[in-house]
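Student: Pasting a structure here, questions to come.
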């Protein structure tokens, strides 16, 4: 029996049809294109864009799974693919889900553990404070 220092990683790579079906059911704002799952987050300007980038960066680093980002004044495009597996794996779906939950969180609408939230949420009616264009 031989051993190596590298762990055996046999990540399940989803077929294109499986990815499309999973996105439709679990992540409807994400789509498959050129071997990546992608999502465009629209912001209200540079401040919001930087907040999205920093949030995605924190989640990606904590997960140790790093997306490609396209960053512009009023949007961020997040692209996920598991390079080591050469395809879309559970890592991509899990990180996409966490990104989606965090960026789209609106405490004044979702509450906390089924209770009304003590947090009022960003005042989106006032352009001085608005930063995310929620779906």
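The values are calculated or read from the model by the stated rules, or taken from the named source; none is laboratory data. Source: prediction; values computed, not measured. Please note: Cβ atoms are built from the backbone with ideal geometry, for glycine as well, and neighbour counts cover all protein chains shown.
Student: Of the numbered conditions (1) modelled with pLDDT of 95 or more; (2) more than 10 Å from the chain's Cα centre (by Cα); (3) surrounded by 15 or more Cβ atoms within 10 Å (Cβ to Cβ); (4) outside any strand (DSSP E or B), residue 124 satisfies every one except a single condition; which is it?
Tutor: (1)
Student: List the strands (runs of 3 or more DSSP E) inside region 11-85, counting only whole elements, that have at least 2 residues being in contact with a strand residue (DSSP E or B) (Cβ under 7 Å, 6 or more places away or on another chain). First the steps, then the outcome.
Tutor: Details: elements: 31-33, 36-42, 68-72, 75-80.
Where strands (runs of 3 or more DSSP E) fall fully within region 11-85 and carry at least 2 residues being in contact with a strand residue (DSSP E or B) (Cβ under 7 Å, 6 or more places away or on another chain), they are 36-42, 68-72, 75-80.
Student: OK, next. Looking only at region 91-121, filter to residues that are in contact (Cβ under 8 Å) with a residue 24 or more places away in the chain and assigned to a loop (DSSP other than H, G, I, E, B); which one of those is farthest from the chain's Cα centre (by Cα)? Even if it seems obvious, please write down each step before you answer.
Tutor: We begin by selecting, within region 91-121, every residue in contact (Cβ under 8 Å) with a residue 24 or more places away in the chain; these are 91-100, 102-104, 106.
Those left that are additionally assigned to a loop (DSSP other than H, G, I, E, B): 104, 106.
Details: 104: 10, 106: 16 Å.
Per the stated criteria, the residue is 106.
Student: Oh, and also: Go through region 13-29 and give me each residue that's farther than 16 Å from residue 99 by Cβ and without any contact (Cβ under 8 Å) to a residue 12 or more places away in the chain. Step through it out loud before you land on a result.
Tutor: Keep residues of region 13-29 that are farther than 16 Å from residue 99 by Cβ, which gives 13-21, 24-25.
Those that are farther than 16 Å from residue 99 by Cβ and without any contact (Cβ under 8 Å) to a residue 12 or more places away in the chain: 15, 17, 18, 21, 24, 25.
Student: Then there is this: Could you figure out which of (1) touching a helix residue (DSSP H, G or I) at 6+ places or on another chain (Cβ under 9 Å); (2) surrounded by 15 or more Cβ atoms within 10 Å (Cβ to Cβ) isn't true of residue 79?
Tutor: (1)
Student: Taking the criterion of being on the phi > 0 side of the Ramachandran plot and modelled with pLDDT of 95 or more, would at least one residue in region 55-73 satisfy it?
Tutor: yes
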